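Inspection log for the structure reproduced underneath, given as structure tokens.
Every number in this text was worked out from the coordinates using simple rules, so none of it is lab data. Remember, it's a predicted structure, so these values are computed and weren't measured experimentally. No Cβ is skipped: glycine too gets one built from the backbone with ideal geometry, and neighbour counts run over all protein chains shown.
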Amino acid sequence: MSNFKSLGVADHFIKALHEIDIKSPTEVQEKVIPHLLEHQGDLIVQSPTGTGKTIAFGLPLIQRIDPKNEAVQVLIMTPSRELGIQISKHLFKLTKYLPEKIFAEAVYGGEHILKQIKALQRPTQIVVGTAGRLKDLCQRKDLDLSQVKTVVLDEADEMLSMGFREEVDFLIRQTHPKRDSWMFSASMSADVLELINIHFRKGTERIRVDKKHAVNKNIEHRYIVCEIADKTNLIVQFLKAKAGERGVVFCRTKKGAQLLAKQLQAKNISTDAIHGDLKQKERDKVMRAFVNKRIDVLVATDVAARGIDVKNLGFVIHHQLPEQEEYYIHRSGRTARAGEDGLSLALITPSEEKYLIGLGKKLGIMIRPFS
């Protein structure tokens, strides 16, 4: 098994990684970090969500920064506010032991734009943000991307599926003409391929991580076959049996997440919901309560859950199976962090059993009935 030193990572980064309990690289980190440290140019990485991509691109891009230049040198685009916040926090932790400070700022909708403009007036070498807010800031002349020589498109397929193609095109064109573009995407949809054709150099290096290697081996995967009407009672029974443990329950829709949280609260379960209809202050309040252990169970939608990185979560429950296979990996990866064990439990209808078992085979994991 390789370690970060063998990948060419500097000692001050390794010290920072150890402080956040990251000691061994994931497959995407093993493949991406040495390539980006040794080569200039564009890069396309196809990898499922939740496989450690932030560290994979974060370490090399920090080493490209000139700390004496206070201009924005790196632009990272993400599909969600939560993921943008998570990335900026990771970058902050990675720079802890640098001899010269590097500054990253996250910008996103739902937060007052004047507050973000004021933050960007400080020295800022890395800007992380959602495409809509980034475009607004550029059009207001409050964000100058002309010196950006590295653009990162994180979860590009998700960003484009949310309708941000025009904003992404606009933002890339604001950057330096000799920039390097790095793309990370779980799938290569037609929109993603078109974006590559327009903005990436011909013959761009591609790295692919097999889904089978993306799943944490410390996670136990189980399922319960039931009727839809029985799911809430089953979740209540499970949570009461696991009293004192913490976890996340995933729903497909905002309304579903809201309803389930209310039903669980009525049963005296310590819980709250995070979903796309919440204002940023409300999301932050829920996440603070979860991180600070004032609530034990978080009910979440897939997009809202991007960026959740909380230690010591014992389980994940799939109230419904996700719409995309990659989301199953991302959901399950919220548990069993930092070498701990965890449980991923799916509540499925009889007609979904064959699909779930097939998904397990495709991912190289055994998904068994819960007993």
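Laid out as a table, the results:
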item	result
Simple Cβ-charge dipole of the chain, Lys/Arg +1 and Asp/Glu -1, about Cα centre, in debye nearest 20	720
Helix-only CD estimate at 222 nm, as mean residue ellipticity for the chain, using -39500 (n - 2.57) per DSSP H run (n ≥ 4)	-11500 deg cm²/dmol
Candidates G41, G58, G163: whichever shows maximal mean-square fluctuation once the chain is modelled as a Gaussian network with Cα springs under 10 Å	G163
Loop GluC sites (Glu not before Pro), the stretch 31-128, which have at most 13 other Cβ atoms in a 10 Å radius of their Cβ (DSSP)	E70, E100
GNM top mover of S187, S80, S332 - the chain, alpha-carbon springs below 10 Å	S187
The stretch 176-216: trypsin sites (Lys or Arg not before Pro) in DSSP loop, at most 14 other beta carbons within 10 Å	K178, R201, K202
Residues whose placed amide H lies under 5 Å from that of L313, excluding near-sequence neighbours	A336, R337
Label point 7 Å beyond Cα of Q40 along Cβ direction - residues of the stretch 135-153 with amide nitrogen under 19 Å	146-152
Nearest-20 debye value, the stretch 46-93 charge dipole, Cβ charges on Lys, Arg, Asp, Glu	100
Acute angle (nearest 10 degrees) that the helix 254-266 long axis makes with the longest principal axis of the chain, alpha-carbon atoms	50
For the stretch 218-280 and the stretch 117-145, distance of Cα centres in Å	37
Likely footprinting exposure, C251, C138, C226, fewest C-beta neighbours within 10 Å first	C226, C138, C251
Gaussian network model of the chain, Cα within-10 Å springs - most flexible of H18, H275, H35	H18
Qualifying chymotrypsin sites (Phe, Trp or Tyr not before Pro) for the stretch 306-371 [loop in DSSP, other Cβ within 10 Å: at most 11]	none
Per-residue ³J(HN,Hα) for the stretch 120-131, Karplus 6.51 cos²θ - 1.76 cosθ + 1.60, θ = phi - 60°, Hz, x for Gly and Pro	6, 6, 7, x, 9, 8, 10, 10, 10, x, 7, 4
Cα-centred dipole magnitude for the stretch 215-369, charges only on beta-carbon of K, R (+1) and D, E (-1), debye, nearest 20	400
Paramagnetic reach from Y97 in the stretch 13-50 [backbone N under 20 Å; point 7 Å along Cα→Cβ]	13-26, 30, 33-34, 37
L17, L298, L75, L98 arranged by Cβ crowding within 10 Å, fewest neighbours leading	L98, L17, L75, L298
From phi via Karplus (6.51, -1.76, 1.60), per-residue ³J(HN,Hα) for the stretch 233-244 in Hz, x at Gly/Pro	5, 5, 5, 4, 4, 4, 5, 5, 5, 9, 3, x
Value of relative contact order over the chain, rounded to a whole percent, pairs C-alpha under 8 Å and six or more apart	19
Angle in degrees between helix 165-174 and the longest Cα principal axis of the chain, rounded to the nearest 10	30
Cβ-Cβ FRET estimate between D277 and R252, R0 fixed at 22 Å, reported to 0.05	0.95
Interchain or long-range residues, amide H under 5 Å from S181's placed H	D42, L43, V151
Label-to-label distance, nm, for residues given as N292 and K202 (7 Å Cα→Cβ offset)	5.7
Neighbour-count ranking [beta-carbon atoms within 10 angstrom, fewest first] of L120, L153, L114	L114, L120, L153
